[in-house]
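What follows is a single structure, written as structure tokens, with notes after it.
The values are calculated or read from the model by the stated rules, or taken from the named source; none is laboratory data. None of the values given here were measured: they were computed from a predicted structure. All Cβ positions, even for glycine, are placed from backbone atoms using ideal geometry, and neighbour counts span all protein chains on display. Accessible surface is based on the protein model in full, side chains and every heavy atom, while ligands, DNA and RNA are left aside. Shrake-Rupley method; radii C 1.70, N 1.55, O 1.52, S 1.80 Å.
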Amino acid sequence: MVLINFQDIVTKSKKSMSSNFLSPTQTKLINFSDTSGKSQTNHFKLQGGFSVKRKDVKVTIGKQIRCSAPPTLPPAWPGTALVDPGPKNWDGPKPVSIVGSTGSIGTQTLGIIAEHSDKFRVVALAAGSNVALLAEQAKAFKPELISIRNESLVGELKEALAGSDYMPEIVAGEQGAIEVARHPDSVTLVSGIVGCAGLKPTVAAIEAGKTIALANKETMIAGGPFVLPLARKHNVKILPADSEHSAVFQCIQGFPEGALKRVILTASGGAFRDLPVEKLKDVTVADAVKHPIWTLGKKTTIDSATLFNKGLEVIEAHYLYGLDYDHIEIMLHRESIIHSMVETQDTSVLAQLGLPDMRIPLLYTLSWPERVPCEWPRLDLTKYGTLTFKEPDNAKYPSMNLCYAAGRAGGSMTGVLSAANEKAIELFIEEKISYLDIFKVVELTCEKHQSELVAVPSLEEILHYDAWAREYAATLKPSLTAV
């Protein structure tokens, strides 16, 4: 394996990421108009007369980037969410399939279903390699079909289920997750597999006409150019299950066409929100997985520390709601009570508030448009007294510039960004790279992809470049110096 040393190829400022991804040669050229070198609101013009705005980004005099103008895609919810759940075609509790059942999203979803068994039932489950937990889930919920991704564990799974009065159909491997996703009795698929591994099952569910409860960011970030037209073709609703996009979705219920102007995604700031930037070079994996507010999986918690989670959500918001990147913003909100806000054309701002509990958005994706009564803790704002807001620091969170740049490039670039980030976090967890090297790995992988960017990728191309990005990111040898 060829190793590439960062010190040989990283020639950019150590104060900020440049995010100068090139799009295909036919796209228009952007010139930065800033000549001061100071952090300020910068406007730069494209040929054709419209401008792109980026805030608080230090730029180099005379620097140029290319920005793609990808074809217009049909957003999942074009600035409004009108209540039209379609005809009910099942009897009794709503039948649900879950891919990623042993992960954080899957276990919380099953907890909701157990609590509201009069409303929902499980018909199929897919997991990765946690045999013991999958067997426990199967015994508790008695789905008709279960799947384990690791085919070598089928015998162990059967043994774990032996002796009970129940034995479901078992299908292993990638095909097993696909069969779970498109189970004929299922009405809703909860897509909870992390990474591009969740893309094929989600596509299969869309083709089978299932409603998608989307907790898998990569379906939109990498697969948006393919998934959105497919969902439109099959008249499938994609309901966002993460807290931020569920908040936006709840706020835009019943909006008239054209009412939505801006989306403001809130972020806790993650594990290092109070740590000085100069100390980031010394942080460890153990430090990065200590989220101050949320209980999340390891990868997602580190994404929160780097703020890649929020940058990726910016891309997801673009695909879900059809807004351009100039009208999607990030705001630090350390209390994590306001989960997102939307601004309307008349400058009114609507916010969705709630305790930081992932069960709330998950339940809403299962029950929409209904509201299910719950005996969960209630939000009491008097216990907080003050809610705080702050603009994120580009020096501490260079991921923001990378994500906005990749989003504007469009096409296959967003999937490459996501895959490179996932691989970089894996390398960080394995202590093969430092925390600050996560940003370097992502930037260099995206830059390498510039010459092969595909504006409208097929599913095969999306998966190909996902695999390529992971492989390329793994070849990068980090330096020991900070960005």
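Filtering P276, P240, P229 for residues that are closer than 26 Å to A406 by Cα, surrounded by fewer than 20 Cβ atoms within 10 Å (Cβ to Cβ) and not hydrophobic (A, V, I, L, M, F, W, C) leaves a single hit, P229.
Residues in segment 86-103 that are open to solvent by 70 Å² or more (accessible area, probe 1.4 Å) and touching a Lys or Arg at 6+ places or on another chain (Cβ under 9 Å): K88 alone. Name the single residue that is surrounded by the most Cβ atoms within 10 Å (Cβ to Cβ) among those in segment 132-153 being closer than 18 Å to T109 by Cα and touching an Asp or Glu at 6+ places or on another chain (Cβ under 8 Å). Only one residue tops the list, namely S147. May I ask you to verify whether L355 is outside any loop (DSSP other than H, G, I, E, B) and under 25 Å from G192 (Cβ atoms)? Spelling it out, it is not the case that L355 is outside any loop (DSSP other than H, G, I, E, B) and under 25 Å from G192 (Cβ atoms). Do we find a residue being in contact with a Lys or Arg (Cβ under 6 Å, 6 or more places away or on another chain) and outside any helix (DSSP H, G or I) anywhere in segment 141-159? There is no residue in segment 141-159 that is in contact with a Lys or Arg (Cβ under 6 Å, 6 or more places away or on another chain) and outside any helix (DSSP H, G or I).
So the check is Cβ under 8 Å with 6+ separation or different chains; which pairs have a first residue in segment 391-408 that's assigned to a helix (DSSP H, G or I) and a second one that's of a type in the set (D, E) and open to solvent by less than 30 Å² (accessible area, probe 1.4 Å)? That search, which allows pairs on different chains as well, returns L402/E443. Selection of segment 230-249 for residues being in contact with a Phe, Trp or Tyr (Cβ under 7 Å, 6 or more places away or on another chain) and in a helix (DSSP H, G or I) yields S246, V248, F249. Under the condition of being within 16 Å of D303 (Cβ to Cβ) and either outside any helix (DSSP H, G or I) or out of contact with any helix residue (DSSP H, G or I) (no Cβ under 6 Å at 6 or more places or on another chain) (or both), the residues counted in segment 409-442 number 8.
For segment 97-112, the count of residues that are modelled with pLDDT under 95 and not in a loop (DSSP other than H, G, I, E, B) is nonzero.
Filter segment 193-212 down to the residues that are among the hydrophobic types (A, V, I, L, M, F, W, C) and in a loop (DSSP other than H, G, I, E, B), then identify the one that is most open to solvent (accessible area, probe 1.4 Å). Spell out how you get there, then give the answer.
Of segment 193-212, the ones among the hydrophobic types (A, V, I, L, M, F, W, C) are 193-194, 196-197, 199, 203-206, 208, 212.
The next check asks that each one be in a loop (DSSP other than H, G, I, E, B); those that pass are 193-194, 208.
On the way: I193: 35, V194: 86, A208: 49 Å².
Among those residues, the one meeting the criterion is V194.
Is one or more of the residues making up segment 273-292 among the hydroxyl-bearing types (S, T, Y) and part of a loop (DSSP other than H, G, I, E, B)? Yes, the conditions are met somewhere in segment 273-292. Filtering segment 157-196 to residues that are hydrophobic (A, V, I, L, M, F, W, C), closer than 25 Å to R470 by Cβ and free of Cβ contacts under 8 Å to residues at least 40 places away in the same chain leaves A172, I178. Cβ contacts < 8 Å: first residue within 17 Å of K279 (Cα to Cα) and open to solvent by less than 10 Å² (accessible area, probe 1.4 Å), restricted to segment 433-462; second residue among the charged types (D, E, K, R) and part of a helix (DSSP H, G or I), any location; separation 6+ or different chain. Result? Between residues of segment 433-462 that are within 17 Å of K279 (Cα to Cα) and open to solvent by less than 10 Å² (accessible area, probe 1.4 Å) and residues that are among the charged types (D, E, K, R) and part of a helix (DSSP H, G or I), the close pairs are Y435/K281.
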